[in-house]
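The values are calculated or read from the model by the stated rules, or taken from the named source; none is laboratory data. Computed from a predicted structure; not experimentally measured. Quick reminder, even Gly has a Cβ in these numbers, built from the backbone with ideal geometry, and neighbours come from all protein chains shown. The accessibility values were calculated without ligands, DNA or RNA, using every heavy atom of the protein model including side chains. Shrake-Rupley method; radii C 1.70, N 1.55, O 1.52, S 1.80 Å.
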Amino acid sequence: MVEGHFGRTTRIRAMSEEQRTKDFLSRIDAKETIEPKEWMPERYREQLVRMMSQHAHSEIVGMLPEGNWITRAPSLRRKIALIAKVQDEAGHGHYIYSAVETLGVSREEVYRKLLDGSAKYSHIFNYPTTSWADIGMIGWLVDGAAIINQTMLARCSYGPYARAMLRICKEENFHKKQGMEIVSRLCRGTAAQKAMAQESFDRWWWPTLMMFGLPDEKSKNTAELMQFGIKLRSNDELRQRFIDMNVKQAQEFGLTIPDPDLYFDEDSGHWQIGPIPWEEFFEVLKGNGPCNRERLDAKIRAHEEGRWVREAASAFAEKRAKRRAKQ
Ligand code: FAQ
């Protein structure tokens, strides 16, 4: 007979901390989904809050590089699609902030850490978008990398995060196709358009590979995340999946991969890349990327300028609650 939520809660209450952890890990091994009100080890909760809040911030800060091109999109069709994409990213941030709240931290607290600079977000959004081709590259490469990572997270052990990922992946797939269409059109266009695509590809290729996190032997979180069923594949496994898929796509576009060491390894059946420039990644993480300051300033300014909206909405909600209480 399947044990119900009430039965499990009563049984877990009677256990020692060690027994509870053992029981929890056996549920993870059995691929059960963990829901917000169920008992979970403190480290599980902490890891989820860390990773999900970084993810939510990435979606929100990720609106800025693309938002930069809304007023300069080359046609009305492109402008409409770009506005919709940027708006989708805001929605993704909100799904994930809501999912973080189920772990007992308020959205205000999580967001404050973004604004005071103590929270991380994906390093990729600290690079500038200097040409229209960058909008194609973000859709194709950045959304493409996010999809590979998030398709795995859609099967992670924490219910609210997994469900948010399912919805997000559907929209990201659309974004990727939109990006590929832009890149494909530029690559089939004039010599100047093709050169613009290549120049942009040269700038985005290596930073995108870093989106999957540090190499497995250097990643301090992967082993624990895998034990908790939060990550189902390691950083290097997902990065390799991305490389194999995108080398082929780049070749189809006629783009040259900016890696003189790249070769196809017949034995493993995978493309092998040269060394990733991790020094650059650490510099961006330290706040020294090309746009770190600009991104944070934009979010701080938007938060200040939106203060009156938050205050008006709270005043309205308070008034309505009082009126309802009287009825
Ligand atoms: N940037 O031990 P690991 C998107 C940090 S969403 C910044 O390997 P972990 C959608 C890491 O936090 C993109 N920091 O870490 C979109 C850790 O620091 P901490 C975001 C990074 O967690 C598209 C330290 O280094 N996606 O693009 C990065 O096991 C287009 C040690 O590293 C997610 O957040 C990095 N790239 O693996 C939006 C998905 N890599 O916290 C707009 C969820 C590592 O210990 C437009 N997150 N660090 O101080 C994950 O899957 C994982 O957290 C990883 C990192 C894979 C990002």
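Of the residues in the stretch 71-86, how many are within 20 Å of LEU141 (Cβ to Cβ) and among the aliphatic types (A, V, I, L, M)?
So the count comes out to 5.
Can you give me the ranges of the helices (runs of 4 or more DSSP H) entirely in the stretch 3-97 with at least 2 residues that are open to solvent by 50 Å² or more (accessible area, probe 1.4 Å)? Quick ask: steps written out before the conclusion?
Working: elements: 5-13, 17-29, 42-61, 63-67.
Per the criteria, 5-13, 17-29, 42-61.
Would you please list the contacts, defined by Cβ atoms under 7 Å and residues six or more apart or on different chains, that run from a residue in the stretch 198-220 that is in contact (Cβ under 8 Å) with a residue 12 or more places away in the chain to a residue that is more than 11 Å from the ligand (Cβ to nearest atom) and of a type in the set (Asp, Glu)?
Within 7 Å, the pairs are SER200/ASP134.
For the stretch 157-183, which positions are of a type in the set (Lys, Arg) and open to solvent by less than 20 Å² (accessible area, probe 1.4 Å)? If you could, list the steps in order and put the result at the bottom.
At the first step, the residues of the stretch 157-183 found to be of a type in the set (Lys, Arg) are 163, 167, 170, 176-177.
Those that are of a type in the set (Lys, Arg) and open to solvent by less than 20 Å² (accessible area, probe 1.4 Å): none in the stretch 157-183.
Determine the pairs where a residue that is open to solvent by 30 Å² or more (accessible area, probe 1.4 Å), located within the stretch 112-127, has a partner that is near the ligand (Cβ under 7 Å from one of its atoms) and part of a loop (DSSP other than H, G, I, E, B) with Cβ atoms under 9 Å apart, the partner being 6 or more residues away or on another chain.
If the second residue must be near the ligand (Cβ under 7 Å from one of its atoms) and part of a loop (DSSP other than H, G, I, E, B), the pairs left are TYR121/GLY62.
Quick one: how many residues across the stretch 184-197 are of a type outside the set (D, E, K, R) and surrounded by fewer than 19 Cβ atoms within 10 Å (Cβ to Cβ)? Please lay out each step first, then the result.
Residues of the stretch 184-197 that are of a type outside the set (D, E, K, R), as a first pass: 184, 186-187, 189-193, 195-197.
Now narrow it down to the ones that are surrounded by fewer than 19 Cβ atoms within 10 Å (Cβ to Cβ): 184, 189-193, 195.
Residues in the stretch 184-197 being of a type outside the set (D, E, K, R) and surrounded by fewer than 19 Cβ atoms within 10 Å (Cβ to Cβ): 7 in total.
Out of the stretch 291-315, which residues are surrounded by 13 or more Cβ atoms within 10 Å (Cβ to Cβ) and either more than 21 Å from GLU66 (Cβ to Cβ) or in contact with a helix residue (DSSP H, G or I) (Cβ under 7 Å, 6 or more places away or on another chain) (or both)?
Of everything in the stretch 291-315, those that are surrounded by 13 or more Cβ atoms within 10 Å (Cβ to Cβ) and either more than 21 Å from GLU66 (Cβ to Cβ) or in contact with a helix residue (DSSP H, G or I) (Cβ under 7 Å, 6 or more places away or on another chain) (or both) turn out to be CYS291, ASN292, ARG295, ALA298, LYS299, ILE300, HIS303.
Looking at (1) more than 23 Å from MET210 (Cβ to Cβ); (2) out of contact with any Lys or Arg (no Cβ under 7 Å at 6 or more places or on another chain); (3) not charged (D, E, K, R), which is the one condition that is false for GLN150?
(1)
Which of the residues that make up the stretch 62-87 are within 13 Å of the ligand (Cβ to nearest atom) and in contact with a Leu (Cβ under 8 Å, 6 or more places away or on another chain)? Can you show your working first?
We begin by selecting, within the stretch 62-87, every residue within 13 Å of the ligand (Cβ to nearest atom); these are 62-69, 82, 84-87.
Correct list: GLU66, TRP69.
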